[in-house]
1. Check off (1) modelled with pLDDT of 95 or more; (2) touching a Gly at 6+ places or on another chain (Cβ under 7 Å); (3) not aromatic (Phe, Trp, Tyr) for ASP76 and give me the number that stays unchecked.
2. Please specify each residue of segment 1-37 satisfying the condition of being closer than 18 Å to SER60 by Cα and in a helix (DSSP H, G or I).
3. Considering every residue within segment 100-111, establish whether at least one is surrounded by 14 or more Cβ atoms within 10 Å (Cβ to Cβ), without any contact (Cβ under 8 Å) to a residue 60 or more places away in the chain and either more than 16 Å from the chain's Cα centre (by Cα) or more than 16 Å from the ligand (Cβ to nearest atom) (or both).
4. May I ask you to verify whether ILE39 is among the β-branched types (Val, Ile, Thr) and away from the ligand (no atom under 16 Å from the Cβ)?
5. For segment 66-94, enumerate the residues that are touching a residue at least 40 places away in the same chain (Cβ under 8 Å) and either among the β-branched types (Val, Ile, Thr) or within 11 Å of the ligand (Cβ to nearest atom) (or both).
6. Taking LYS32 as the residue in question, decide whether it is among the basic types (Lys, Arg) and at pLDDT 95 or above.
7. For residues that are closer than 12 Å to VAL4 by Cα and hydrophobic (A, V, I, L, M, F, W, C), scanning just segment 42-70, find the one that is surrounded by the fewest Cβ atoms within 10 Å (Cβ to Cβ).
8. Within segment 1-34, how many residues are under 19 Å from GLY104 (Cβ atoms) and over 12 Å from the mean Cα position of the chain (by Cα)?
Amino acid sequence: MHEVSIVLGMVDELMKIAGENDAKKIINVKLKIGKMSGIVADSLKFVFDAIKPEHPMLSSAEIIIEEIPLIYECSDCRTAFNTDDIYFPCCPDCESYNLKILSGEEQHIENVEIET
Ligand SMILES: [Zn+2]
């Protein structure tokens, strides 16, 4: 599962953040996950919940996932549109395939709430 390596990387990052901020505990973690990232939010939560008992710092941490829609902009007519098509999207106005991604590739920790 793709999500396992994502969560392991995230846990490393959280431990670093906790260390830098002298945290006793991590309370919640807000993530931004774009549709294009290929990450399934439910799987990510599932893996995180399975891993957190191994880390006292995370034992009561909640994960909050904000899913970012996939938005393209047409390079020909400048229309911006939202789609679920990650493979062959085309512009709804002029049917061009000359598109640029505006959002949907995000995959990062947005915010971490800690107890010090
Ligand atoms: Zn267009």
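The values are calculated or read from the model by the stated rules, or taken from the named source; none is laboratory data. The shown structure was predicted, so the numbers you read here are calculated from the model rather than taken from an experiment. Using ideal geometry, Cβ is built from the backbone for each residue, glycine included, and neighbour counts are taken over all protein chains shown.
1. For ASP76, the failing item is (2).
2. VAL7, LEU8, MET10, VAL11, ASP12, GLU13, LEU14, MET15, LYS16, ILE17, ALA18, GLY19
3. no
4. Answer is yes for this residue.
5. Taking segment 66-94 first, the residues touching a residue at least 40 places away in the same chain (Cβ under 8 Å) are 66, 84, 86.
Matches in segment 66-94: ILE86 only.
6. Details: among the basic types (Lys, Arg): yes; at pLDDT 95 or above: yes.
When the stated conditions are applied, LYS32 passes them.
7. Restricting to residues being closer than 12 Å to VAL4 by Cα and hydrophobic (A, V, I, L, M, F, W, C), the top hit is ALA50.
8. 1
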